[in-house]
1. Scan segment B:67-88 residue by residue and report those that are more than 7 Å from every other protein chain (Cβ to nearest Cβ), touching a residue at least 40 places away in the same chain (Cβ under 8 Å) and not in a loop (DSSP other than H, G, I, E, B).
2. Name the residues in segment A:194-226 that are surrounded by 22 or more Cβ atoms within 10 Å (Cβ to Cβ) and within 28 Å of B:ARG77 (Cβ to Cβ), would you?
3. Output the number of the condition that A:LEU236 fails; it satisfies all remaining conditions of (1) in contact with a Lys or Arg (Cβ under 8 Å, 6 or more places away or on another chain); (2) surrounded by 22 or more Cβ atoms within 10 Å (Cβ to Cβ).
4. Against the definition (free of Cβ contacts under 8 Å to residues at least 40 places away in the same chain and either over 27 Å from A:ILE128 (Cβ atoms) or surrounded by fewer than 24 Cβ atoms within 10 Å (Cβ to Cβ) (or both)), how does A:THR181 come out, yes or no?
5. Determine, yes or no, whether B:ASP180 is among the acidic types (Asp, Glu) and away from chain A (no Cβ under 14 Å).
6. Looking at (1) assigned to a helix (DSSP H, G or I); (2) within 17 Å of A:LEU255 (Cα to Cα); (3) touching a residue at least 12 places away in the same chain (Cβ under 8 Å), which is the only condition A:TYR147 fails?
7. Could you grab me the full set of residues in segment A:306-326 that are over 15 Å from the mean Cα position of the chain (by Cα) and either among the charged types (D, E, K, R) or in a helix (DSSP H, G or I) (or both)?
8. Would you mind telling me which numbered condition in (1) without any contact (Cβ under 8 Å) to a residue 24 or more places away in the chain; (2) part of a helix (DSSP H, G or I) A:GLY57 fails?
Amino acid sequence: MSKLITIRGRKHSFQISRRTVTVIAMLAIANIAAVMICVGLGSQTINPIAVIRSLFGAGDPSDSMIIWSLRMPRTVIAVMVGSALAVSGALLQGIVRNPLTSPDIIGISGGASLGTVVFILYFSHVSIRFMPVSSIAGAFAAAILIYIFAYRRGITPLRLVLIGIGMATALTAFTYMLILTASFTPTAVAVKAFTFMTGSIYGASWDKDVLTLLPWFLILMPIALIFARHLNVQELGDDVAASVGSSVHAKRTILLLISVALAGAAVAIGGAINFIGLMAPHIARKLVGPAYGGVIPVSALIGSLVLLLSDLIARVAFIPLDIPAGVFTAAIGAPFFIYLLYRHRNGAQ
Amino acid sequence: MSVIEARSLTLSYGHKPVFAELDLLIPPGKITVLIGSNGCGKSTLLRSLARLLKPQEGSIWLDGSEMSRLSSKEIARRLAILPQGPVAPEGLTVHQLVKQGRYPYQSWLQQWSKEDEKMVKKALEVTDMEDLSDRSIDSLSGGQRQRAWIAMTLAQNTPAILLDEPTTYLDMTHQIEVLDLLFDLNEQESRTIVMVLHDINLACRYAHRIVAVKDGLIYAQGAPETIMNERLIRDVFDMECQVTADPIFGTPLCIPYGRGRKVLQPVMA
C-alpha cells in the first residue's frame, strides 16, 4: 500500500500523493456536475437528459440556443474567473507567507477594478480585448504601492494586511468617485461600471468575455503550476530557500507577477468578486496538505466550484432578479475571514 | 571534501561594521565550531560563508572558485546551511520537507528521479526518521523536528554542512542526539561540518577545531585542547572560570566561577 504515486519516464519524473489524485478527480466530477446544473437551471428549466443531448449537439434547437448562447458563456466565465482568483490567492499566500492574504483583501483586485473602470469610462472606443491589459496594469500599480507603503526593512505579514486593507478601501472609494464624477458619462456606461463593481458575470458572451479572458487563462495557469515547486522551498523561509539553491528574489518576483496578472485578468471580466482567493487555498490545504503541487490545482477546482454555485444561486434564487455573484461569495467569505483572524490571533500558527 | 575560505571579508550592518578584512580557512573533512558571546558576529560569519549575506568587500571561496561566480544551484550541491530556528508550513510532513533538499538537482520535468528517492530514503534512515516520515512537522518534539531539518540538508547530499545553533531550544538528551548524529556524519562520510554552538564544553567535546570570535575578529583558532584556557574565556566571554579536563572524554571542560552552593564532600559517580 503506497500513499505516493511515482511517474517516471526518460526525461521526466514526478511524485504525487494518492490522496491528491483522488481529491482532484472528485472535484473535477463535482465541477462537471455543477456546470450541467448551471446550464440547465434558470427561468426556463431544462432537464439533465436534454442538457446532455444539447451538449452533444443532438438536442432541441430552442434548448440548445439557451444553453449555448446564453448560459454556457456565463458558466465558462465562472469556471475561469473562479479558478484564476483561487490560484492567484494561493500564490499570494505562499509568496508573503501569510494565510490571511488574498488579492482582494490587500487591494490588488481594487487596483484591477480601478484599471477596468478607467477603461470602461475613457477607452470605450478601444477593442474590449485590451480591457485585461488595463486591469492588470491597475493591479500592478496597486501591488507596487502596497509594497512601498508596507516596506520598512522587510515586510511583516501584519503590516502588509493592514496597509492592504487600507489600500483596498481607498481604491474602491476612488473608483466610485471616478464613476460618479465623470459627468459626461452616459447612464448606460455608469450602470455598466456599477454592475462591474459588485462583481457580476451577468450577460457574459462568447466573443466579448470568454475570448478576452481565455488567452490569459491558458497562458498563466500552466505557468502557475510549473512554478509551484519554487513556492514549496520559499515557504521554508528565505534562508532555507537560498540554501537549496533557489534564486529567491527573482523567483518571488515572477510568482508575484503571475499572481497579480491572474487577479487582474479575472477582475477585468468577473468584476470585484471577493473572498474566493482567500477561501479556496485554505480549503485546498485542508484537503491535500501544504505542498503547492497539490494546492494549485485543487484551489483552482474549488474556486471554480464556489463561483459556479454562487452564480447559480444569484441567478435562480430570486428570478426574475439577477443578483451579482459577488454578493454571495462575500456572504460566505466575510465570516470565513473573521474565523481565520480569530484562529490566527496572537500570531498563533 | 569541500574547502571554504573567507578572504579579507568586510561586512557591516548599516553603519556598524561587523567584520573588517577577516581571513578564515575552514579545514575540509573536519568539524569546526564557531564560539563567541552574543552579538560577536559568529552567526553573521557562518551566514556569509554560506552566501546568505553578501560581503561588502572581500570574497568567499569554495573549492578554489569565488562563490559569487558560482550559480546558487551549483553552490547548493556542495554546501548546505541550516539556519537557526527554521519554521515549516502547517501540516507539512517530514517526507515532504526532506524532499525539498533535492531542489538543486531538480528541474520542472525532473521532480522525482531515482537518485532523489534514494537520497531522501538514506537521509531519513541516517537521522532515524523513517517511522515518522508521514507525520507532520508541527506534531513532532523539538529533537525530532531538528532531526527532520537535518535530514533535509542531508538529502541535499553536500560535502559541507553548515548549522547555525542546531541545539538551541533542545533539552540535554536531544542536544547530544543531534551532535552525535553530526559527529557520525563527519566520521563515517568525512563531511565538513561547520556550526555555531553556545555550549563551550560541548564545542570542545565535538569540534576538531574551534574558532573563537570576539568583536568581529578571530581571537583564536585551533584544536580545543591547544587554545582553550582561562584567558580565552575571560577575553571572549568576559567570564572567570577554571579549565580542567572532562573526566570521560579528556577534552577541555570549563567551570565558571560565581555564586552557588558548595558541598564539602563531592559525590563522584
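1. B:LEU79, B:LEU82
2. Passing the criteria: only A:ALA224.
3. Tallying (1) in contact with a Lys or Arg (Cβ under 8 Å, 6 or more places away or on another chain); (2) surrounded by 22 or more Cβ atoms within 10 Å (Cβ to Cβ), A:LEU236 fails exactly one: (1).
4. yes
5. yes
6. Checking A:TYR147 against (1) assigned to a helix (DSSP H, G or I); (2) within 17 Å of A:LEU255 (Cα to Cα); (3) touching a residue at least 12 places away in the same chain (Cβ under 8 Å), the one that fails is (3).
7. A:LEU312, A:ILE313, A:ALA314, A:ARG315, A:VAL316, A:ASP322
8. (2)
The values are calculated or read from the model by the stated rules, or taken from the named source; none is laboratory data. Keep in mind that this is a model prediction, so the values were computed, not measured. Cβ atoms come from the backbone with ideal geometry, glycine included; neighbour counts cover every protein chain shown.
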